[in-house]
1. Restricting to the range 27-64, and then to whatever is more than 11 Å from the chain's Cα centre (by Cα) and touching a residue at least 40 places away in the same chain (Cβ under 8 Å), can you tell me which residue is surrounded by the most Cβ atoms within 10 Å (Cβ to Cβ)?
2. Looking at the range 17-59, which of its residues are more than 18 Å from residue 106 (Cα to Cα) and out of contact with any helix residue (DSSP H, G or I) (no Cβ under 8 Å at 6 or more places or on another chain)?
3. Quick check on the range 112-124. Is at least one of its residues surrounded by 15 or more Cβ atoms within 10 Å (Cβ to Cβ), touching a residue at least 24 places away in the same chain (Cβ under 8 Å), part of a strand (DSSP E or B) and out of contact with any helix residue (DSSP H, G or I) (no Cβ under 7 Å at 6 or more places or on another chain)?
4. Need the failing condition index for residue 12 against (1) in contact with a helix residue (DSSP H, G or I) (Cβ under 9 Å, 6 or more places away or on another chain); (2) at pLDDT 95 or above; (3) within 28 Å of residue 128 (Cβ to Cβ), just the number.
5. For the range 119-135, give me each residue that is more than 16 Å from the chain's Cα centre (by Cα) and farther than 14 Å from residue 96 by Cα.
6. Among the residues of the range 43-80, write down those that are part of a strand (DSSP E or B) and under 16 Å from residue 116 (Cβ atoms).
7. Could you please let me know if residue 67 is free of Cβ contacts under 8 Å to residues at least 12 places away in the same chain, touching a strand residue (DSSP E or B) at 6+ places or on another chain (Cβ under 8 Å) and within 18 Å of residue 20 (Cβ to Cβ)?
């Protein structure tokens, strides 16, 4: 097993890309954020979770913008579910996390971004698949 040491750093850097893009362009849809940041969909939602934990991103209809977050109830609740899933099993992939937590993959990534901002998760790369666990 190879330890992936920088998941928190990666999610934080991606959150910075999203923040910078919104700061430069104003409110954007997720598809425009993807285009402007060149992030994968999973990385975008992890970055949104990170920024929600920092109270910096707001969702207005289909657009995201920089201001006090309104995503705490959704992403924070999902982060609790994901934390419980990770607490019940070690070394699990996102699909398994989503299944156990009963959230979709996008919401699982947002919750993982939230938990990464709190420095509560780590990852391992196993058979070319990323596995998550609590620190």
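1. Going residue by residue through the range 27-64, those that are more than 11 Å from the chain's Cα centre (by Cα) are 27-40, 54-64.
Narrowing the set further to residues that are touching a residue at least 40 places away in the same chain (Cβ under 8 Å) leaves 54, 64.
Details: 54: 14, 64: 23.
Top of the filtered list is 64.
2. Of everything in the range 17-59, those that are more than 18 Å from residue 106 (Cα to Cα) and out of contact with any helix residue (DSSP H, G or I) (no Cβ under 8 Å at 6 or more places or on another chain) turn out to be 20, 23, 24, 26, 27.
3. Start the filter on the range 112-124 by keeping residues that are surrounded by 15 or more Cβ atoms within 10 Å (Cβ to Cβ), which leaves 112-117, 120-124.
With the extra rule that they be touching a residue at least 24 places away in the same chain (Cβ under 8 Å), the set shrinks to 112-117, 120-124.
Okay, now just the ones that are also part of a strand (DSSP E or B), so 121-124.
Filter once more, keeping what is out of contact with any helix residue (DSSP H, G or I) (no Cβ under 7 Å at 6 or more places or on another chain): 124.
There is at least one residue in the range 112-124 that is surrounded by 15 or more Cβ atoms within 10 Å (Cβ to Cβ), touching a residue at least 24 places away in the same chain (Cβ under 8 Å), part of a strand (DSSP E or B) and out of contact with any helix residue (DSSP H, G or I) (no Cβ under 7 Å at 6 or more places or on another chain).
4. Of the numbered conditions (1) in contact with a helix residue (DSSP H, G or I) (Cβ under 9 Å, 6 or more places away or on another chain); (2) at pLDDT 95 or above; (3) within 28 Å of residue 128 (Cβ to Cβ), the odd one out for residue 12 is (2).
5. So in the range 119-135, the residues more than 16 Å from the chain's Cα centre (by Cα) come out as 124-129, 135.
Correct list: 124, 125, 126, 127, 128, 135.
6. In the first step, residues of the range 43-80 are kept if they are part of a strand (DSSP E or B); the result is 57-60, 63-66.
Listed by number, the list holds a single entry, 57.
7. On the way: free of Cβ contacts under 8 Å to residues at least 12 places away in the same chain: yes; touching a strand residue (DSSP E or B) at 6+ places or on another chain (Cβ under 8 Å): yes; within 18 Å of residue 20 (Cβ to Cβ): yes.
Against the criterion (free of Cβ contacts under 8 Å to residues at least 12 places away in the same chain, touching a strand residue (DSSP E or B) at 6+ places or on another chain (Cβ under 8 Å) and within 18 Å of residue 20 (Cβ to Cβ)), residue 67 qualifies.
The values are calculated or read from the model by the stated rules, or taken from the named source; none is laboratory data. In this text, all values refer to a predicted model and were calculated from it rather than measured experimentally. Because the Cβ atoms are built from the backbone with ideal geometry, glycine has one as well, and the counts that use them run over all protein chains shown.
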